[in-house]
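Contents: one structure, followed by commentary.
The values are calculated or read from the model by the stated rules, or taken from the named source; none is laboratory data. Keep in mind that this is a model prediction, so the values were computed, not measured. No Cβ is skipped: glycine too gets one built from the backbone with ideal geometry, and neighbour counts run over all protein chains shown.
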Amino acid sequence: MRNRLGASGEFDVLPTVGSKEMVALLPTLLEAKRILIPKVAYPTYLVSAIFGRAEVIEVDLDPGNWPKDVDLVWINNPSNPTGRVHTQAELNAVIKWSRTHKVVIASDECYLPFPDSDESESILKRAAGENVGFLALHSLSKRSNLAGYRAAFVAGDTQLVKRLLEIRKHLGMMMPLPVQRAMTVALQDESHVERQADIYRNRRRILVPALISLGFRVEYSQAGLYIWCTRNQSDWETVAWFANRGILVTPGSFYGSAGSEFVRIALTATDSQIAEVAQRISA
């Protein structure tokens, strides 16, 4: 966190059984009853609130329009599914709002290691050593291709991390020591992460021009593993268009009603498959 992501000041780190475990349990563990999530978002934010019997309010990334009487705010930088990278000014505004209203910010940063046209920053870097109220979630599933290991961690506010530790151990959520040791090896090496980031960037450069030439509009997609695009029609119509060419994409409505005219295209197929996709749609 200090060397790679720029965190400073007092903070703690807690390994979690994949980042999804922490996303799914955080509202319950914090007893949050009113939660803000992005309008277009990873579905587990909503599911976790339902599981914790909390009210959910979908918002844009503009704290000036957020209700104040909430317990938890999710931000996702870079975003899944859109690849949106939050600016320093946007993160600073979120931090200022959190400190003013004493509301916990959970920053899902699982795709942060894969910049493209823009590079993200951890909320703990922007917090500049004053980490009270902030939690950053990271995953080695994406960063190091360790999805089967269920290897992730949460870092931030020492009191919040202590609370999570005390409750989670009673739920049996202790990560096995061999997995923790594997994590320390992976986290000490950046070369494999940089190589993987280059692979995703190159795949994006192959697919984006092909999509644009066919009338697609690519929005955001500045980082991460996905392309977020639209042809101004129903997402399911676009899904069918791709399916007729033997290509599977995800309807944007899976991520909220605001995504109903978009699809998410993953860059996780092989290089040869990505090249074939570009060839098929261009033909």
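Table: residues versus (1) over 30 Å from Thr268 (Cα atoms); (2) of a type in the set (S, T, N, Q).
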site	(1), (2)
Val85	no, no
Gln88	no, yes
Lys102	yes, no
Leu112	no, no
Ala147	no, no
Val154	no, no
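Select from the range 110-130 the residues that are crowded, with 24+ Cβ neighbours inside 10 Å and in contact with a strand residue (DSSP E or B) (Cβ under 7 Å, 6 or more places away or on another chain) and write down the one among them that is farthest from Thr82 (Cα to Cα). Of everything passing the filter in the range 110-130, Ala127 is farthest from Thr82 (Cα to Cα).
Looking only at residues that are of a type in the set (Gly, Ala, Ser) and surrounded by fewer than 24 Cβ atoms within 10 Å (Cβ to Cβ) in the range 145-154, which one is farthest from the chain's Cα centre (by Cα)?
In this case the residue turns out to be Gly148.
Restricting the search to the range 131-144, which residues are surrounded by fewer than 22 Cβ atoms within 10 Å (Cβ to Cβ) and in contact with a helix residue (DSSP H, G or I) (Cβ under 7 Å, 6 or more places away or on another chain)? So that I can check it myself, show each step before the final result.
Of all residues in the range 131-144, those surrounded by fewer than 22 Cβ atoms within 10 Å (Cβ to Cβ) come to 132-133, 141, 144.
Scanning the range 131-144 gives Gly133, Ser141, Ser144.
Every residue in the range 46-93 that is under 22 Å from Leu29 (Cα atoms), under 19 Å from the mean Cα position of the chain (by Cα) and of a type in the set (A, V, I, L, M, F, W, C), please. Residues satisfying the conditions are Leu46, Val47, Ala49, Val56, Ile57, Leu72, Val73, Trp74, Ile75. Here Ala186 clears all of (1) of a type outside the set (D, E, K, R); (2) part of a helix (DSSP H, G or I); (3) more than 22 Å from the chain's Cα centre (by Cα); (4) surrounded by fewer than 19 Cβ atoms within 10 Å (Cβ to Cβ) except the condition numbered (3).
Let's see how each residue does on (1) within 18 Å of the chain's Cα centre (by Cα); (2) surrounded by fewer than 16 Cβ atoms within 10 Å (Cβ to Cβ); (3) in contact (Cβ under 8 Å) with a residue 24 or more places away in the chain; (4) in the same structural domain as Glu121 (by TED's automatic domain parsing):
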position	(1), (2), (3), (4)
Leu214	no, yes, yes, no
Arg217	no, yes, no, no
Ser221	yes, no, yes, no
Tyr226	yes, no, yes, no
Glu237	no, yes, no, no
Arg245	no, yes, yes, no
Leu248	no, yes, no, no
Gly256	yes, no, yes, no
